[in-house]
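One structure below.
The values are calculated or read from the model by the stated rules, or taken from the named source; none is laboratory data. Here the structure is a predicted model, which means the values were calculated and not measured. No Cβ is skipped: glycine too gets one built from the backbone with ideal geometry, and neighbour counts run over all protein chains shown. Accessible surface areas use protein heavy atoms only, side chains included; no ligands, DNA or RNA. Shrake-Rupley method; radii C 1.70, N 1.55, O 1.52, S 1.80 Å.
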Amino acid sequence: MSQSQELKKLKGYRHLMINTIRIITGTIVILAFAGISGCAETSLAEATGKGHIRGINSIVTAPELVFLIEERAIGTADYKGAAGFAEYDDLTYNFNFDVFLPGATTASRLATQTIDVVADTDYTVVIAGTVANPTIISWEAAERVFEATETVFEADFTHLSPALGEVDIYFAAAGTLPVAGNATTSLNYGERVPHLEFSTGNFELIITPKDDDNPANYIFQSRTISSTPATRVTFAIFDADPSITADVSVNLINAAGGSASLPDATKPAQFRLFHAAFGTGSVDAFLDSDFGNVVFSNTPYGEVSSYSDIESVSKVFTLTDAGNSGATVHEANISIGANSRRTIIFGGEPGALAYRELTSDGRSLETHPIVRITNMATNAALVNAYMLPPGTVITEETLPQIAGFPTFADTDFFGLNAGMYEVTITPFGEITPISTPVTIDIANGDVVDIAVLDTVDPALVDLEIFDSTLP
């Protein structure tokens, strides 16, 4: 295989520069080696078939990682995510997990697993532990080729939650109550039970402490899962993270690399209200026109409420003048995913009010702090955000952290190096600040949410830190 050049894209952190996407171009010299798909011949070995490989990121404090075969990216995997299955010749490879850190132009290697790929075999490589001290959990399974007429499916189960002890897993027809000693499988951290075959139908997955079938002690109970015939899926248990209200996260990972959290039927979703509508007074909030039960009471402009449980995915959400449930300020449907956390931002000018749903998914990372900025200022329709050392003067040559994001848009969480920063807002295409700089001192693991808000002076905006892990 001849030497070639490849473009490496820094897409391991889509939150680094949301609107200013930087593509880092580097020259990678790839020495000839056996087995990269597409090489016709090799003097080292000759392929006789193909196997499949995927990587899973199970480190709750890790950012999005790149999964590679040798030095070629297979895909990216955020926490609880998977990259692959990808098909490769039955030769020997190093499979790697890399991370792009803030400000870095090259990736850092976290872990490597060498695999002698055997034809018609599926391989899974899981990065576990911590970023500072990663470990590898791996397994293999003979490939299953289903006939088109088959009505069965296969599922395997794996325990990737270091915070959770030994558990029993019950996977049975919906409505089946667990009975101690009759579990589908029992698992400790790092273990997996190979694929089991099931007839298609509707199932529930219930996790209990080992040998404990008391419903009051259930760790997790899924909603009804409708199976798909002639497929293979993995049920993986992970540590919970701030994006869900369940005690653990159970993800269904399919053969195409999709990974989706299963809602816990016993845990409601949660939401809160952030009042960002300048010119509108304090409000009370109600669900489904139940004006006898106030959800959020007397929330003023610029403040955020505490979280409240919400049972249904979709509700009519009504805001009224504080203390007067008959004076509707704004009303619209909101949709909140099961087990998720959301911030409902109420914004806009009087006469043009609206809701903006913001996912509460900031997760503490051991590698760096993360920040998100949401523009709710109607008087600053398109702005730049600067994150600079205190006292830095913005000039024409100064690059903004985020360039040109509009009202009702957010930057998503992006990574920075730990340190002290001044957050400053300017109009897009201009360098004159329209906000008083806000200084933040952030360390690895910190999560900061900042809103851009209107002020009494239409030429100026305020910066409000409405949620953070800062002391």
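For the chain, the relative contact order comes to 11 percent (Cα pairs under 8 Å, sequence separation of at least 6). When all protein chains stay in place and ligands, DNA and RNA are ignored, the 1.4 Å accessible-area order of I219, I56, largest first, is I219, I56. Oblate is the label for region 348-471, because the ratio a/c of its alpha-carbon gyration tensor axes (a ≥ b ≥ c) is 1.5 or higher and a/b is not greater than b/c.
N417 to V438: FRET efficiency via 1/(1 + (r/R0)^6), r the Cβ-Cβ distance, R0 22 Å, to the nearest 0.05?
Using R0 = 22 Å, I get an efficiency of 0.75.
Take S312, project a point 7 Å from its Cα along the Cβ direction, then tell me which residues of region 335-364 have their backbone nitrogen under 12 Å from it. Inside the label zone: 335-336. Shape of the chain from its Cα gyration tensor (a ≥ b ≥ c, root eigenvalues): rounded if a/c is under 1.5, otherwise prolate when a/b > b/c, or oblate? Oblate. Rolling a 1.4 angstrom probe over the chain with all protein chains present gives an accessible area of which 50% lies on carbon and sulfur atoms. Taking GluC sites (Glu not before Pro) across region 65-97, the ones in a DSSP loop with at most 16 further Cβ atoms lying within 10 angstrom of their Cβ are E70. In a DSSP loop and with at most 14 other Cβ atoms within 10 Å, the GluC sites (Glu not before Pro) in region 165-221 are E166. In percent, rounded to a whole number, the relative contact order of region 383-471 is 25, using alpha-carbon pairs under 8 Å and six or more apart. Projected onto their three principal axes, the Cα atoms of region 218-350 cover extents of 56, 26, 25 Å, largest first.
Could you calculate the FRET efficiency of E366 with D116 from 1/(1 + (r/R0)^6), where r is the beta carbon distance between them and R0 is 35 Å, rounded to 0.05?
Result of the calculation: an efficiency of 0.60.
What figure, in Å² to the nearest 10, do you get for the accessible area of R192 with a 1.4 Å probe and non-protein molecules left out? Counting only protein heavy atoms, the figure is 60 Å².
Modelled this way, with points 7 Å down the Cα-to-C-beta line, the labels at R109 and A381 are 5.1 nm from one another.
With each label modelled as a point 7 angstrom along the Cα→C-beta vector, the S468-N333 pair spans 3.8 nm.
Calculated on the Cα set of region 341-414, radius of gyration then Dmax: 14.7, 44 Å.
In terms of packing, defined here as the mean over residues of other Cβ atoms within 10 angstrom, the peptides 389-402, 428-441 line up highest first as 428-441, 389-402. Checking the cross-link pairs K80/K315; K210/K267; K210/K315 against a 32 Å limit on the alpha carbon distance flags K210/K315 as lying beyond it. At what distance in angstrom do the alpha carbon centres of region 267-328 and region 354-389 lie from each other? Their Cα centres are 22 Å away from one another.
Per residue, the chain exposes 43 Å² of accessible surface when a 1.4 Å probe is rolled over the protein heavy atoms with every protein chain present.
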